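None of the figures in this text is laboratory data; all of them are computed from the coordinates on show. As the structure is a computational prediction, the values presented were derived from the model and not from experiment. We place every Cβ from the backbone using ideal geometry, glycine too, and count neighbours over all the protein chains shown.
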Amino acid sequence: MSEQENIQIVQQMCTAFEQGDIATLLNLLAEDVEWFVAGSPEHAPLAGTYYGRDRVAQIFSTVGEYLELQQFQAQDFIAQGNQVAVFGHALGHVKPTNCPLEYDWVHVYTLQGGKTVKFREYLDTAAIAAAFRGTETLSVPEVASRSEASVAAYK
């Protein structure tokens, strides 16, 4: 498949997730898909590596127990060969702690024959872990501005 066709498939998957249409998303996965979410399961229950469409379906069935997302937006799509990288943003809160959560993410899809055979999600694992602990973390711009203020105070 062409790079543009691969982008269209990934766009379908992202739209399906944004609309809560998990059946369509799962239909675009290979039966033996490898699904990876960065982080430690001890700090973020959805992190880890999962194998097979059925296991990914189980993960999606539990997402609602942990997260309420007001926004999950795919913003930019870049393809090279059979891989598509997607850059996006999420906003919501962790249900068990009611802690707000906002982070940027990157998804990397590997496709074969019109199906995703490998998925990798990279995100702000510190923000995720803090929200699951019930504490807030500073965003990168907040850290930078506080660091600049600290440096200025020592001059």
- Query: What is the sum of charges around residue 50, taking Lys and Arg as +1, Asp and Glu as -1, for the other residues whose C-beta is under 15 Å from the C-beta of residue 50?
  - Reply: -1
- Could you list the residues of segment 1-38 with an amide nitrogen less than 12 Å from a label point located 7 Å from the Cα of residue 60 in the Cα-to-C-beta direction? 13-30
- Per 5 Å bin, what percent of the C-alpha pairs of segment 1-74 does each bin hold, from zero upward? 3, 14, 20, 27, 22, 9, 3, 1
- Would you kindly state how much longer the chain becomes between residue 11 and residue 83 on full extension, computed as 0.36 nm times their sequence separation minus their alpha carbon distance, in nm to one decimal? 24.6 nm
- With a sphere of radius 10 Å drawn around the Cβ of residue 39, what net charge do the other residues whose Cβ falls strictly inside it have (Lys, Arg +1; Asp, Glu -1)? -3
- Message: Between residue 32 and residue 117, what is the label-point separation in nm under the 7 Å Cα-to-beta-carbon projection?
- Response: 0.9 nm
- Message: Starting from the 7 Å offset along Cα-to-Cβ, what nm value, one decimal, do you get for the label separation of residue 97 and residue 126?
- Response: 1.4 nm
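Which net charge results for the neighbourhood of residue 123, defined as the other residues with beta-carbon distances under 15 angstrom from its beta-carbon, given Lys and Arg at +1 and Asp and Glu at -1?
Spelling it out: positives minus negatives among the neighbours equals -3.
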- If you average over every viewing direction, what projected area does the convex hull of the Cα atoms of segment 3-154 give, in nm²? 10.0 nm²
- Task: Find the relative contact order for the chain and round it to a whole percent, using C-alpha pairs within less than 8 Å whose residues are 6+ positions apart.
- Result: 22 percent
